[in-house]
1. State in Å² the accessible area per residue of the chain; use a 1.4 Å probe, count heavy atoms of protein chains only, and round to the nearest integer.
2. Pairs of Cα atoms under 8 Å, at least six residues apart: use those to get the relative contact order of the range 24-87, whole percent.
3. How large is ³J(HN,Hα), in whole Hz, for each residue of the range 18-28 in order, when computed from phi with the Karplus curve 6.51 cos²θ - 1.76 cosθ + 1.60 and θ = phi - 60°, using x for Gly and Pro?
4. Be a star and scan the range 182-202 for residues whose amide nitrogen sits under 14 Å from the point 7 Å along the Cα-to-Cβ vector of L114.
5. Note down the accessible area of L277, probe 1.4 Å, to the nearest 10 Å².
6. May I ask for the Kirkwood hydrodynamic radius of the chain, worked out over all distinct Cα pairs and given in angstroms to one decimal?
7. Near K117, which aspartates and glutamates are there with a Cα under 14 Å away, not counting those fewer than 8 places off in the same chain?
8. Give me the number: length gained by fully extending F211 to S6, i.e. 0.36 nm times residue separation minus the C-alpha to C-alpha distance, one decimal in nm.
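The values are calculated or read from the model by the stated rules, or taken from the named source; none is laboratory data. From a predicted model like this one, the values you see are computed outputs, not experimental measurements. Note: ideal-geometry Cβ built from the backbone for every residue, glycine included; neighbour counts use all protein chains shown. Remember, those area values only see protein heavy atoms, side chains included, never the ligands or the DNA or RNA. Shrake-Rupley method; radii C 1.70, N 1.55, O 1.52, S 1.80 Å.
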Amino acid sequence: MGLSLSVVFSSIAGYLLGAETVSAKTLIFLALGGYFMVGASNAFNQIIEKDLDALMDRTKNRPIPAGRMSVNTAFLIAAIFTVLGIGILYTINPQTAMFGAISIFLYTSVYTPLKTKTPLSVFVGAIPGAIPFMLGWVAATNDFGIEPGTLFAIQFFWQFPHFWAIGWFLYDDYKKGGFYMMPTGKRDRGTAVQTIMYTIWTVIMSLIPVFGFTGKLYLSPIAAVVVGLLGFVMIYYAFKLFKNMTSHAAKQLMLASVLYITLLQVVYVADKFLRHLWI
């Protein structure tokens, strides 16, 4: 539920950034379509990983490994959610449906199988994970250009410190299921350094719109200062992980990353509408 709502939030933020006039109907369809899209991906994922989920503390109580739901029932739910999600997004425009379908495919057919084979799975998983922010803009404009590409890049780079932080404090539990999410395969200085690098890249990408290179996607200098301060907080916790190398520090970074991406989207949207009011 939490993951699905965060995706809907990102999609709505992207839509508000791209829309010249806000359509309540499109917003509702985007929220429903995005919710079903994530639900389908999660359902397929839990079917594929049902045996591994049973081995880990954080997943053993999911419906299938806990015995509360059969695989057939789960597959039916996943199939219905896929049809509903893509169908609803298609009523907005075909490009939105296409990106929604790509997200489901990459998450279930590429990212999920790779999780037990290579740490590069995080790179693959960052692609569907970055689509929602971009999806909203495409839903508003029926166009994919530098603006939604920039939104995609921001959330793409953000995925790495976010999931490496999760992988760090859940390392022992992930190990039970054979998942190795760390870029070096373990909790070491190399992983911590890469976490810092990708955190910095996230902040840089977030500030690029202030320079006016990203078409209609623009960030005012004042908003850029706010985003920069938010980024400083996330970078601080990334360095704290490097210094302390503890699960507690990783959990702090994870929470900081969630706060960052949420507030960044709020700042971007608020900045657009406040600028329009002044104009």
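1. 46
2. About 47 percent, as a whole number.
3. x, 6, 7, 10, 7, 9, 4, 4, 5, 4, 5
4. Residues 182-183 qualify, since their backbone N sits under 14 Å from the label point.
5. Here the accessible area works out near 140 Å².
6. Result for the chain stands at 19.3 Å.
7. Partners within reach: E49.
8. Length gained, F211 through S6: 71.0 nm.
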